[in-house]
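Worksheet: one structure, shown below.
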Amino acid sequence: MKHTNQKTAVPTGRPRGRPVETGQQNLKTQILDTAEQLFTDLGYAATSIRRIADTAGVNPALIHYYFGNKHLLLQSVLERSLQPMAEAIASLKDGTDASVQHIACLLIAMAAKHPNIPRLLAREVFLPGGEMQDYFINNLAPKLGGALPALLEREKSAGRIRHDADPVISALMIIAVCVFPFIARALAEPVLGVEFDADGVEKLTHNATQLLKRGLTI
């Protein structure tokens, strides 16, 4: 993101009217975008509020005003991308299509739309001591991957998944097949020649869904 030395003053008083609200939302988005990129590239510990502010071209006080502290800023970065995914998975409980293919498509679409998030999760959630591990386990995981075994059990009971498929292990395999390519992108592109443009993601989706369909469904 282009660096600028311009500082933005902390807003005072209660916002009035849509122009102010729109401006504030744009600033929040700018900060979140910058924080997401820096947290992903450098890691949480190596990324300071000052660096985020300088890169985003805002005053550090503005970040504290909107998000409180660095930990809460990282939490907001994850929630912005993962909450819509959690809502999409929740909707499967009331819908009729919770097929393996549909779940896989949702996961890949999320990873493709927010390509930094899988790598950020690897840094700050999956590895021991990750900054967001406890928060993720207690607040986000039950609505994301943690919700998949029940859906797969329902598919199994309906006879749409192999009778010998374990829903818990199957959920883990689906997540691995769909999300790992985006975590490994830095190597998958130059070493394997995997492309992550629109055509490449479409190809990845097709191959992942076919692999999972043949392995798990009847």
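The values are calculated or read from the model by the stated rules, or taken from the named source; none is laboratory data. Since this is a predicted model, take the numbers as computed values, not measurements. When we count neighbours, we look across all protein chains shown, and the Cβ atoms used for this are built from the backbone with ideal geometry, even at glycine.
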Fill in the blank from the handout: Residues in region 154-167 that are out of contact with any strand residue (DSSP E or B) (no Cβ under 7 Å at 6 or more places or on another chain), surrounded by 14 or more Cβ atoms within 10 Å (Cβ to Cβ) and either part of a helix (DSSP H, G or I) or of a type in the set (Gly, Ala, Ser) (or both) total 4
Exercise for the section: Would you please name the residue that is modelled with the highest pLDDT, looking only at residues in region 90-106 that are surrounded by 12 or more Cβ atoms within 10 Å (Cβ to Cβ) and assigned to a loop (DSSP other than H, G, I, E, B)? Expected result: Ser99
Practice task
State whether the residues of region 124-136 include one that is modelled with pLDDT under 95 and hydroxyl-bearing (Ser, Thr, Tyr).
Solution key: no
Exercise for the section: State whether one or more residues within region 210-218 are buried (at least 19 other Cβ atoms within 10 Å of the Cβ), of a type in the set (A, V, I, L, M) and in contact with a strand residue (DSSP E or B) (Cβ under 6 Å, 6 or more places away or on another chain). Expected result: yes
Practice task
Would you point out which residue out of Val58, Val77 is of a type in the set (Val, Ile, Thr), in a helix (DSSP H, G or I) and closer than 20 Å to Thr29 by Cβ?
Solution key: Val77
Handout entry: Selection within region 79-117 - under 22 Å from Ala35 (Cα atoms) and among the acidic types (Asp, Glu)
Key = Glu79
Fill in the blank from the handout: Here the qualifying pairs (Cβ atoms under 6 Å; residues six or more apart or on different chains; first in region 15-33 and at negative phi and in a helix (DSSP H, G or I); second modelled with pLDDT of 85 or more and small (Gly, Ala, Ser)) come out as Gln30/Ala56; Ile31/Ala56
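Can we say Lys113 is of a type in the set (Lys, Arg), out of contact with any strand residue (DSSP E or B) (no Cβ under 8 Å at 6 or more places or on another chain) and modelled with pLDDT under 95? Steps first, please.
On the way: of a type in the set (Lys, Arg): yes; out of contact with any strand residue (DSSP E or B) (no Cβ under 8 Å at 6 or more places or on another chain): yes; modelled with pLDDT under 95: yes.
When the stated conditions are applied, Lys113 passes them.
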Exercise for the section: Mind telling me which of the residues Ala104, Ala109, Ala90, Ala98 ends up being assigned by TED's automatic domain parsing to the domain that holds Ala141 and within 13 Å of the chain's Cα centre (by Cα)? Expected result: Ala109
Practice task
State yes or no: is Arg154 basic (Lys, Arg), over 23 Å from Ala88 (Cα atoms) and more than 20 Å from the chain's Cα centre (by Cα)?
Solution key: no
